[in-house]
Each structure stands twice: as C-alpha cells, then as structure tokens.
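The values are calculated or read from the model by the stated rules, or taken from the named source; none is laboratory data. Since we're looking at a predicted model, the values are computed, not measured. Glycine also receives a Cβ, built like all others from the backbone with ideal geometry; neighbour counts cover every protein chain displayed.
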C-alpha cells in the first residue's frame, strides 16, 4: 500500500512538473509578446516625433523663404524679421528637444544646427537694412535646408524599421 501511495505521489509530482513547465512556456511567450508590443510602441512614438521634426523643418523653411534666396527688395519691404527670428528660435528649441533622435546616425546634426542658428537668430532680430535681411535670411535658409536631407533620411529609416507584429517590416 505504501508503494502504491509512493507511485501515486511520484506520478502527481511528475504531472505537476509538466504542468509547471507548460505554464512557464506560456508565460515566457506572453512576456516575449509584451516586449514586442512595447518595442513597437516605442518605435511608433519615435517615428511620430521624427515626423514632427520633418514637418516643422518644412514649415520653417517656408517661413524663412520670405527673406531667403528668392526674395527681392520689393518683397522684403514690410517683412517682420523679429517675428521670423522668433519662429526660428522656437524651431531651434523644438529641434534641440528632439536632438536625441539624431545622435545615432548623424553625429547629432540637430544640435549642431541649433548651435549654428544662435548667432543668426540674434542677427536677424536686430537687422533693419533690406540687403542685410536677405543676407541673414539666406544664411538661415541654407543651414536649415542642408539639414533637411538628414531629417528625411532619419524619417525614412524609422519608417522602414518599424516593428510590426514582432517582425521588422517596411510600412
């Protein structure tokens, strides 16, 4: 009788071990799926942030183009350089807050651009002569325009490497 109880206990113990193993595999699978979902959410958030940088860069180029390379003395009359300087300053602040996205591939071109724009923003806010407006406007326009391909490339990279259903796929 003791051996029968011992055998039943051994079978129950083996059954419990098998059950624990199956549950552990399910838990590991669930944890892996949760990690994949978390990674996908992070990738999507980064994509949205980088897309905002792209949109803001396009917008600020349109604003600066009022005093940029294609303007002439007639179009410069009445242009409020102080408001344009404020918009460039806001863009620079926004870009600086997003600069972490630009460090992995581009040696942080965003932070470099922000630093390069500091003096130009001050100069633009103080300028009064039309020729000087265009000169400063062109400098700012060209600096931001040179940055645009990096933003576009980063946006494309984030889109191409977005995680979908646990696999890396292009959108």
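Odds and ends about this structure:
- The stretch 118-135, residues that are loosely packed, with under 14 Cβ neighbours inside 10 Å, assigned to a helix (DSSP H, G or I) and modelled with pLDDT under 90: 131
- Failed item in (1) out of contact with any helix residue (DSSP H, G or I) (no Cβ under 7 Å at 6 or more places or on another chain); (2) at pLDDT 85 or above, with residue 30 passing the rest: (2)
- Only a single item in (1) in a helix (DSSP H, G or I); (2) more than 20 Å from residue 113 (Cα to Cα); (3) without any contact (Cβ under 8 Å) to a residue 40 or more places away in the chain is not met by residue 55, and it is number (2).
- Index of the failed condition, residue 61 passing every other in (1) closer than 30 Å to residue 142 by Cα; (2) part of a helix (DSSP H, G or I); (3) free of Cβ contacts under 8 Å to residues at least 12 places away in the same chain: (3)
- Residues in the stretch 79-97 that are surrounded by 13 or more Cβ atoms within 10 Å (Cβ to Cβ) and not in a helix (DSSP H, G or I): 79 alone.
- Scanning the stretch 69-78 for residues that are touching a helix residue (DSSP H, G or I) at 6+ places or on another chain (Cβ under 8 Å), modelled with pLDDT under 90 and assigned to a loop (DSSP other than H, G, I, E, B) turns up 71, 77.
- The stretch 98-116 - residue that is in contact (Cβ under 8 Å) with a residue 40 or more places away in the chain and more than 12 Å from residue 144 (Cβ to Cβ) and, of those, surrounded by the most Cβ atoms within 10 Å (Cβ to Cβ): 102
- Restricting 61, 36 to residues that are surrounded by 10 or more Cβ atoms within 10 Å (Cβ to Cβ), under 30 Å from residue 132 (Cα atoms) and either within 29 Å of the chain's Cα centre (by Cα) or modelled with pLDDT of 85 or more (or both) narrows the list to 61.
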